[in-house]
Amino acid sequence: MRRRLALWYAIVTAILLVVFATGFYLYVQSTLIDRIDDTIDHVAEVIERSLIRSNLIDLESDFSDNFSANAQVIDADHIDIDWFSPDGKILWTTNGNAEALQEREKGILQPVYRTVHLSEVEPSRQMTEPIVINGKLLGYLRISHPWFEVTKPVRQLFLDLAVGTTLMVGVVLLCGWWLAGIAMEPVRESYQRLKQFTADASHELRNPIAVIQTNVQVALADPSPDLEFQRSQLEAIERITRRLGRLLEDLLFLARHDGGITNQRREPCDLGQILHEVSEEQQAIAHQKQITLELLNEEQNLFILGDCDRLGRLFTNLVSNAIAYTPAGGKVQIISQAISSQSQIQVQIKDTGMGIPEAELSQIFERFYRYQPQKSIKSSSKSVNPSTSGSGLGLAIAKAIADSHRGQINVESKIGQGTTFTVSFR
């Protein structure tokens, strides 16, 4: 795809350059021809006015001699002047032998015309004009301008344009390859994320489905049905099905968030009340694990505009994650405050858990990512089993909810000292 993008970019640019170069070439050629024609017209006009000023037009007997005398004073660089009689006989010329010229020019005299005449030496641009005075044709005046003043510049211009266009196409091809690589990078990253997401989702779905299938097979294989045994099997299936349903809901939520289909309500939400409810809901789990859960600075009137249910889920995910990674005897604190100087509301969830290495912090919000503590931390992790505590989507969902409310989540952590998640709303 990168090759195709670079190639198409180069082809389109090459076509535009060729069209521009062709138009510029034709414009310069036409301009040079017009300049030659203007020079020829000017020389003809000067000669005619010179004859009139000399008052020689009535002297028909020596008109040709007087014409040559006036024509010689014209400073016409590289311009040839020929004078023909009314019957086409050449009377005077600046172009060498008159007899040889007469032999070549038989039958060419016509009333006013312009053409490119190919002589034996070099091509030239010519104009032949009849000189008529008082209704009487006195002869033909022909002025020739060398054509090399057109061919030489346009030939050099064609060479320059060809070389320049070729070089530009080569440069554009290289730039196109570079730009295509930059343009493809987000696509490549998205493709890699999609592959990783598909692999992780398949792994997460495979385990509960396999457990359900195993429980059903065991129940069906029992020749003498034990109602109590079958009840336990059905309860296990029901628990796993609930877990599978939650996983699918999480995946659907993230998919809708990625596609911009949030269906989010907008209403005033009291963060103090939401945090109070989350604290009450998580107290039982914290007490069971012998963890102290505290709600500090329980301020009221901390209102933001958003979806109250999703905000509750955001803080539930953060608090439950803190409890999951905090060993027995630890502490989890929920701190809320309004920072008037920055016009924002800030909520912090602090724990005294095992902490997360700095190298892992950039990945904790990735989907299906779960930090696995080092095996050396056995003493502090006996009561913590984060590898089986969830699907690895909790923090990803929390970040998605914060983003949809124009908020930010920051995390700070030190090994052995704990982790602090800070959520800020403006």
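The values are calculated or read from the model by the stated rules, or taken from the named source; none is laboratory data. The structure presented is a predicted model; accordingly, all values stated were derived computationally and were not measured. Neighbour counts run over all protein chains shown; Cβ positions are idealised from the backbone, glycine included. Accessible surface areas use protein heavy atoms only, side chains included; no ligands, DNA or RNA. Shrake-Rupley method; radii C 1.70, N 1.55, O 1.52, S 1.80 Å.
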Would you confirm whether any residue within region 178-200 is over 30 Å from Leu254 (Cα atoms), modelled with pLDDT under 75 and of a type in the set (Val, Ile, Thr)?
no
Against the definition (in a helix (DSSP H, G or I) and either closer than 30 Å to Trp177 by Cα or modelled with pLDDT under 60 (or both)), how does Ser68 come out, yes or no?
yes
Within the set of pairs 6+ apart or on separate chains, which have a first residue in region 410-426 that is acidic (Asp, Glu), a second that is open to solvent by less than 60 Å² (accessible area, probe 1.4 Å), and C-beta atoms under 6 Å apart?
Glu412/Thr420
Looking only at strands (runs of 3 or more DSSP E) that lie completely in region 234-345, which have at least 1 residues being surrounded by fewer than 19 Cβ atoms within 10 Å (Cβ to Cβ), of a type in the set (Gly, Ala, Ser) and modelled with pLDDT of 80 or more?
331-339
Which residues, counting only those in region 120-163, are farther than 15 Å from Ile36 by Cβ, open to solvent by less than 30 Å² (accessible area, probe 1.4 Å) and part of a helix (DSSP H, G or I)?
Leu157
Could you give every pair whose Cβ atoms fall below 8 Å, whose first residue belongs to region 14-25 and is in a helix (DSSP H, G or I), and whose second residue is of a type in the set (Val, Ile, Thr), counting only separations of at least 6 or pairs across chains?
Ala14/Thr165; Ala14/Val169; Ala14/Val172; Leu17/Thr165; Leu17/Val169; Val18/Thr165; Ala21/Thr165; Tyr25/Val154
Mind checking whether some residue in region 87-102 is loosely packed, with under 13 Cβ neighbours inside 10 Å, in contact with a Ser or Thr (Cβ under 8 Å, 6 or more places away or on another chain), of a type in the set (Phe, Trp, Tyr) and modelled with pLDDT under 80?
no
Do we find that Tyr113 is among the hydroxyl-bearing types (Ser, Thr, Tyr), open to solvent by 60 Å² or more (accessible area, probe 1.4 Å) and modelled with pLDDT under 75 in this structure?
no
With (1) in contact (Cβ under 8 Å) with a residue 24 or more places away in the chain; (2) over 25 Å from Ser404 (Cβ atoms); (3) not charged (D, E, K, R) as the list, and Leu318 as the residue in question, which single condition is left unmet?
(2)
